[in-house]
Amino acid sequence: MSHANARLTVHGRAELIRRVVDLGRPVAHVVVELNVSRATGYKWLARWRREGPAGLADRSSRAHRLPGKTSPALEAAVLTLRAERKLGPARIGPLVGLAPSTVHAILRRYGLHRLAWLDRPTGQLIRRYERDRPGELVHVDVKKLGRIPEGGGWKSRGRSIGKTAKQKKAKIGFDYVHSMVDDHSRLAYSEILPDEKGATCAEFLLRAAAAFASRGINRIEEVITDNHMSYKLSHDFRDAIAALDARHLFIQPHCPWQNGKVERFNRTLAIEWAYREPFTSNDSRAAALAPWLEHYNTRRRHSALGGHPPVSRLPT
């Protein structure tokens with residue numbers, strides 16, 4: 001494939017050489033026929049004479065020297081200010097004598113151009129870490145959703161419902177959406193369950209592991225959860241971990257990003273399934289979960305996977 005701005009392809013350059021060298025025609029006439037300048041014609045002729053046919057191949061247009069390139073010391077100063085003081089390009093620029101656009105380019109080069117990707121206390125980059133293979137680590141969590149009354153809630157019937165004292169005191173209850181997400185492939189499995197007790201979480205974990213096995217992930221090595229008592233204190237959940245021959249990891253207190261794969265999945269789950277339309281009943285919303293999950297795993301483009309769905313990273 002030729003350079004995007006090249007006036008001649010590799011074949012066009014070879015044709016120029018054929019007409020000039022083999023046919024003995026003047027360069028000035030040939031370049032007019034090929035719609036390029038004399039300088040371009042003489043350039044390729046000289047390169048062919050020096051290097052032969054290999055000289056007609058495409059080359060990188062990057063400069064051999066970059067005298068205006070930011071020095072390593074200035075780059076280090078930019079990265080230090082970003083990590084220690086969490087400053088943006090507009091504030092870092094005057095401190096180091098660089099244009100904000102240059103600072104932004106440096107931060108982008110090192111993947112630090114979004115403050116949301118930094119751990120605020122430590123300044124460490126926490127975005128998009130991932131394990132090397134499917135099943136090496138799975139993330140588990142529960143998303144709590146209010147149940148939908150028959151006929152629909154206020155999103156489908158308006159805020160006029162629930163105005164009476166009796167309606168306001170009516171207890172609709174909650175659905176507990178348990179989810180497990182593979183760290184490497186982002187494969188997800190979810191179930192709507194009545195609670196988040198230890199026994200319920202344990203049974204879900206075993207069913208999720210079986211669902212992963214049906215997709216080719218036969219071994220789960222580590223399971224990471226938050227510090228909820230259903231995970232931390234439950235003997236049932238501990239037994240389920242042992243049955244999988246896995247190791248149980250806990251996030252540090254108040255550090256939900258360490259369970260970030262499933263936390264981000266919960267957000268996608270809410271936007272694209274739970275709240276995507278005003279469901280008129282709880283059953284209709286529940287029935288829409290499995291089809292959406294199949295779409296998520298097999299067809300939905302995932303930005304962290306280069307635009308491919310999770311199944312693209314599963315064993316074949």
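The values are calculated or read from the model by the stated rules, or taken from the named source; none is laboratory data. Because the structure is a prediction, the values reported are computed rather than measured. Positions of Cβ are generated from backbone atoms using ideal geometry, with glycine treated the same way; all protein chains shown enter the neighbour counts.
Residues in segment 47-74 that are of a type in the set (S, T, N, Q) and assigned to a helix (DSSP H, G or I): there are none. For the structure I just gave you, tell me whether ARG219 is without any contact (Cβ under 8 Å) to a residue 40 or more places away in the chain, charged (D, E, K, R) and either in the same structural domain as LEU293 (by TED's automatic domain parsing) or within 28 Å of ALA287 (Cα to Cα) (or both). So ARG219 does not fit the description; no. The set of residues from segment 109-147 being part of a loop (DSSP other than H, G, I, E, B) and modelled with pLDDT of 85 or more comprises TYR110, ARG131, ASP132, ARG133, PRO134, GLY135, GLU136, LEU137, ARG147. Can you tell me which residue is surrounded by the most Cβ atoms within 10 Å (Cβ to Cβ) among those in segment 255-275 that are among the charged types (D, E, K, R) and in contact with a helix residue (DSSP H, G or I) (Cβ under 8 Å, 6 or more places away or on another chain)? Applying the filter and picking the extreme gives GLU263. Consider segment 184-234. How many of its residues are among the aliphatic types (A, V, I, L, M), in a loop (DSSP other than H, G, I, E, B) and in contact with a Gly (Cβ under 8 Å, 6 or more places away or on another chain)? Number satisfying all stated conditions: 3.
Restrict the check to segment 171-182 and report whether at least one residue is modelled with pLDDT of 70 or more, crowded, with 18+ Cβ neighbours inside 10 Å and either acidic (Asp, Glu) or in a loop (DSSP other than H, G, I, E, B) (or both). Lay out the reasoning, then the answer.
Going residue by residue through segment 171-182, those that are modelled with pLDDT of 70 or more are 171-182.
From what is left, the residues that are crowded, with 18+ Cβ neighbours inside 10 Å are 175-182.
Within this subset, residues satisfying the condition of being either acidic (Asp, Glu) or in a loop (DSSP other than H, G, I, E, B) (or both) are 175, 182.
Yes; the residues of segment 171-182 include at least one that is modelled with pLDDT of 70 or more, crowded, with 18+ Cβ neighbours inside 10 Å and either acidic (Asp, Glu) or in a loop (DSSP other than H, G, I, E, B) (or both).
Of all the residues in segment 75-90, those that are touching a helix residue (DSSP H, G or I) at 6+ places or on another chain (Cβ under 8 Å) and either in a helix (DSSP H, G or I) or more than 21 Å from THR122 (Cβ to Cβ) (or both) number 8.
Matching residues to (1) of a type in the set (Val, Ile, Thr); (2) in contact (Cβ under 8 Å) with a residue 12 or more places away in the chain; (3) surrounded by 14 or more Cβ atoms within 10 Å (Cβ to Cβ); (4) more than 30 Å from LEU23 (Cβ to Cβ):
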| site | (1), (2), (3), (4) |
| --- | --- |
| LEU56 | no, yes, yes, no |
| ARG65 | no, no, no, yes |
| GLU75 | no, yes, yes, yes |
| ARG82 | no, yes, yes, yes |
| LEU115 | no, yes, no, yes |
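Among the residues examined, LEU16 does not qualify as touching a Leu at 6+ places or on another chain (Cβ under 9 Å) and not in a helix (DSSP H, G or I). Across segment 189-205, the number of residues qualifying as hydrophobic (A, V, I, L, M, F, W, C) and over 17 Å from ASP175 (Cβ atoms) comes to 3.
Can you tell me how many residues within segment 30-88 are among the hydrophobic types (A, V, I, L, M, F, W, C) and over 28 Å from LEU115 (Cβ atoms)?
We begin by selecting, within segment 30-88, every residue among the hydrophobic types (A, V, I, L, M, F, W, C); these are 30-32, 34, 36, 39, 44-46, 48, 54, 56-57, 63, 66, 73-74, 76-79, 81, 83, 87.
With over 28 Å from LEU115 (Cβ atoms) added as a condition, the list becomes 30-32, 34, 36, 39, 44-46, 48, 54, 56-57, 63, 66.
So the answer is 15.
Of all residues in segment 194-211, none satisfies being among the polar types (S, T, N, Q), farther than 22 Å from ALA287 by Cβ and over 22 Å from the mean Cα position of the chain (by Cα).
Of all the criteria given as (1) touching a His at 6+ places or on another chain (Cβ under 8 Å); (2) closer than 26 Å to TYR296 by Cα, the one not satisfied by GLY216 is (1).
Note on segment 223-254: among residues that are among the hydrophobic types (A, V, I, L, M, F, W, C) and touching a residue at least 60 places away in the same chain (Cβ under 8 Å), the one that is surrounded by the most Cβ atoms within 10 Å (Cβ to Cβ) is VAL223.
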